[in-house]
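Peer 1: Here's a structure for you.
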Amino acid sequence: MYSALRELLRDHTGGAPFTCFGAFHLCFIVAVFVSVAAVFFRIGRKRTGGGSDSGMRDGRRRAYEKAARVCIDLAFGLYVLDFFLMPFAYGEIDIEKLPFHVCTATCVMCFLSVRTRALREWRIPFALLGFLSNLVYLLYPAGVMWYAVRPLTYRVIQTLLFHGVMAAYGAFALAWADSELSWRNWPRNLAAIGGMTLWALLGNTLYNGTAAEGTRFYNWFFVVRDPFGAVDPAVSPYLMPFLNTAVFFAAECLVLALFNAFRRRSAGEKESDR
């Protein structure tokens, strides 16, 4: 049984490897965007609540809530399942997949914020951070390209599927939200990024610096080194936590502005159709 699963899930090399924005990657990205757009279109066309404006809005919010819950349950399930399949795929349980990186950490926090009452007020801050981080990694999966494996390999499919579902969750969670998208909630959005930064610093401190020679270097949430190599490594540990926080917060503000503009335009079009 182990040998069969190992052969099925291991990294398959040779032949044309997975490349960023190659044919397989582009097709996967298009599939994610088309699927999300199709759900938005279907819900937007749905008429519920007896035809009244408030009833239709509530009906659409419930539909977005259902879509978001399905996505976060699926993403969390993929994340947990990965720990059981990693020994077959990689020959070990990869410590890189611990929830210290922004993508995996937001998956856990988004799941908890949806499923527990205590974290409900943090649902949108975590959804915003999860949407941005997973969308960026879906578009540029650098960690996958390091291994030069073929596209139809567990490592590639699991990574793209997980980040695609997480990005979809973020989109549906924002559509599900209402007053939480107000600019007045910026302190909570900033606090979520700051908390993620401190959590990543803890993980990097625990697992770096004392490991044996030849083990991997961890840079969870890019708070130890600049991922693009533009900042001096001697300065990076002191600069990157603040730079990362500023960049992600600015990106979240942009997402909120675009999403609120889209909602206002959509509301205006519905008024003009009456």
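Peer 1: Kindly list, by first and then second residue, each pair from a residue in the range 27-44 that is closer than 17 Å to N134 by Cβ and hydrophobic (A, V, I, L, M, F, W, C) to a residue that is modelled with pLDDT of 95 or more and not in a helix (DSSP H, G or I), limited to pairs with Cβ atoms under 7 Å and residues at least 6 apart or on different chains.
Peer 2: If the second residue must be modelled with pLDDT of 95 or more and not in a helix (DSSP H, G or I), no pairs are left.
Peer 1: Continuing with the same structure: Take the residues in the range 84-103 that are assigned to a helix (DSSP H, G or I) and without any contact (Cβ under 8 Å) to a residue 60 or more places away in the chain, then tell me which one is nearest to T205 (Cα to Cα). Full working, then the answer.
Peer 2: Filtering the range 84-103 for residues assigned to a helix (DSSP H, G or I) gives 84-90, 95-97, 102-103.
Filter again for without any contact (Cβ under 8 Å) to a residue 60 or more places away in the chain, leaving 84, 86-87, 97.
Details: F84: 26, M86: 24, P87: 25, K97: 16 Å.
Across the range 84-103, the extreme among qualifying residues is K97.
Peer 1: Can you tell me how many residues in the range 166-193 are assigned to a loop (DSSP other than H, G, I, E, B) and either surrounded by fewer than 16 Cβ atoms within 10 Å (Cβ to Cβ) or free of Cβ contacts under 8 Å to residues at least 24 places away in the same chain (or both)? Can you show your working first?
Peer 2: Step one: list which residues in the range 166-193 are assigned to a loop (DSSP other than H, G, I, E, B), which gives 177-178, 182.
If we keep only those that are either surrounded by fewer than 16 Cβ atoms within 10 Å (Cβ to Cβ) or free of Cβ contacts under 8 Å to residues at least 24 places away in the same chain (or both) too, we end up with 178, 182.
Residues that pass the stated criteria total 2.
Peer 1: What residue, of L74, L128, is buried (at least 20 other Cβ atoms within 10 Å of the Cβ) and at pLDDT 90 or above? Break it down into steps so the answer makes sense when it comes.
Peer 2: Working: L74 fails: buried (at least 20 other Cβ atoms within 10 Å of the Cβ).
Just a single option satisfies the conditions, and that option is L128.
Peer 1: Here is a further query. I'm trying to understand the selection: among the residues of the range 230-264, which are of a type in the set (D, E) and touching a helix residue (DSSP H, G or I) at 6+ places or on another chain (Cβ under 7 Å)?
Peer 2: We begin by selecting, within the range 230-264, every residue of a type in the set (D, E); these are 232, 252.
Answer for the range 230-264, where residues must be of a type in the set (D, E) and touching a helix residue (DSSP H, G or I) at 6+ places or on another chain (Cβ under 7 Å): just E252.
Matching residues to (1) farther than 20 Å from F100 by Cβ; (2) exposed (fewer than 10 other Cβ atoms within 10 Å of the Cβ); (3) of a type in the set (K, R):
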{"residue": "Y218", "(1), (2), (3)": "no, no, no"}
{"residue": "R225", "(1), (2), (3)": "no, no, yes"}
{"residue": "M240", "(1), (2), (3)": "no, no, no"}
{"residue": "L243", "(1), (2), (3)": "no, no, no"}
{"residue": "R263", "(1), (2), (3)": "yes, no, yes"}
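Peer 1: Residues that are part of a loop (DSSP other than H, G, I, E, B) and either at pLDDT below 85 or of a type in the set (K, R) (or both): does the range 253-273 have at least one?
Peer 2: Residues of the range 253-273 that are part of a loop (DSSP other than H, G, I, E, B), as a first pass: 273.
Subset that is either at pLDDT below 85 or of a type in the set (K, R) (or both): 273.
Within the range 253-273, one or more residues are part of a loop (DSSP other than H, G, I, E, B) and either at pLDDT below 85 or of a type in the set (K, R) (or both).
Peer 1: In the range 1-48, how many are in contact with a helix residue (DSSP H, G or I) (Cβ under 6 Å, 6 or more places away or on another chain), assigned to a helix (DSSP H, G or I) and farther than 22 Å from V156 by Cβ?
Peer 2: 2
Peer 1: Spot the failing condition for A118; the list is (1) in a helix (DSSP H, G or I); (2) surrounded by 15 or more Cβ atoms within 10 Å (Cβ to Cβ), and only one is missed.
Peer 2: Of everything listed in (1) in a helix (DSSP H, G or I); (2) surrounded by 15 or more Cβ atoms within 10 Å (Cβ to Cβ), A118 misses just condition (2).
Peer 1: Looking only at the range 24-63, which residues are of a type in the set (G, A, S), loosely packed, with under 11 Cβ neighbours inside 10 Å and either under 23 Å from the mean Cα position of the chain (by Cα) or modelled with pLDDT of 85 or more (or both)? Break it down stepwise before answering.
Peer 2: Here is the first cut: in the range 24-63, the ones of a type in the set (G, A, S) are 31, 35, 37-38, 44, 49-52, 54-55, 59, 63.
Remaining after also requiring loosely packed, with under 11 Cβ neighbours inside 10 Å: 38, 50-51, 54.
A38, the sole residue that qualifies.
Peer 1: Between R10, R6, which is touching a Gly at 6+ places or on another chain (Cβ under 9 Å), surrounded by 15 or more Cβ atoms within 10 Å (Cβ to Cβ) and at pLDDT 90 or above?
Peer 2: Numbers: R6 fails: surrounded by 15 or more Cβ atoms within 10 Å (Cβ to Cβ).
Of the residues listed, the single one that is touching a Gly at 6+ places or on another chain (Cβ under 9 Å), surrounded by 15 or more Cβ atoms within 10 Å (Cβ to Cβ) and at pLDDT 90 or above is R10.
Peer 1: Here is a check on your reading of the model: is G143 under 20 Å from C253 (Cβ atoms) and not polar (S, T, N, Q)?
Peer 2: Working: under 20 Å from C253 (Cβ atoms): no; not polar (S, T, N, Q): yes.
No.
Peer 1: Further, regarding this structure: For a quick check of your reading of the model, give me the residue pairs whose first member lies in the range 149-165 and is among the small types (G, A, S), whose second is crowded, with 22+ Cβ neighbours inside 10 Å, with beta-carbon atoms closer than 7 Å and at least 6 apart or on different chains.
Peer 2: Qualifying pairs under 7 Å: G164/L138.
Peer 1: Suppose we keep only residues that are of a type in the set (F, W, Y) and not in a loop (DSSP other than H, G, I, E, B) within the range 203-243. Which one would you say is modelled with the lowest pLDDT?
Peer 2: In the first step, residues of the range 203-243 are kept if they are of a type in the set (F, W, Y); the result is 207, 217-218, 220-222, 228, 238, 242.
Keeping just the survivors that are not in a loop (DSSP other than H, G, I, E, B) gives 207, 220-222, 238, 242.
On the way: Y207: 86, W220: 91, F221: 91, F222: 89, Y238: 91, F242: 94.
It comes out as Y207.
The values are calculated or read from the model by the stated rules, or taken from the named source; none is laboratory data. As the structure is a computational prediction, the values presented were derived from the model and not from experiment. For neighbour counting, all protein chains shown are included, and Cβ atoms are generated from backbone atoms with ideal geometry for every residue, glycine included.
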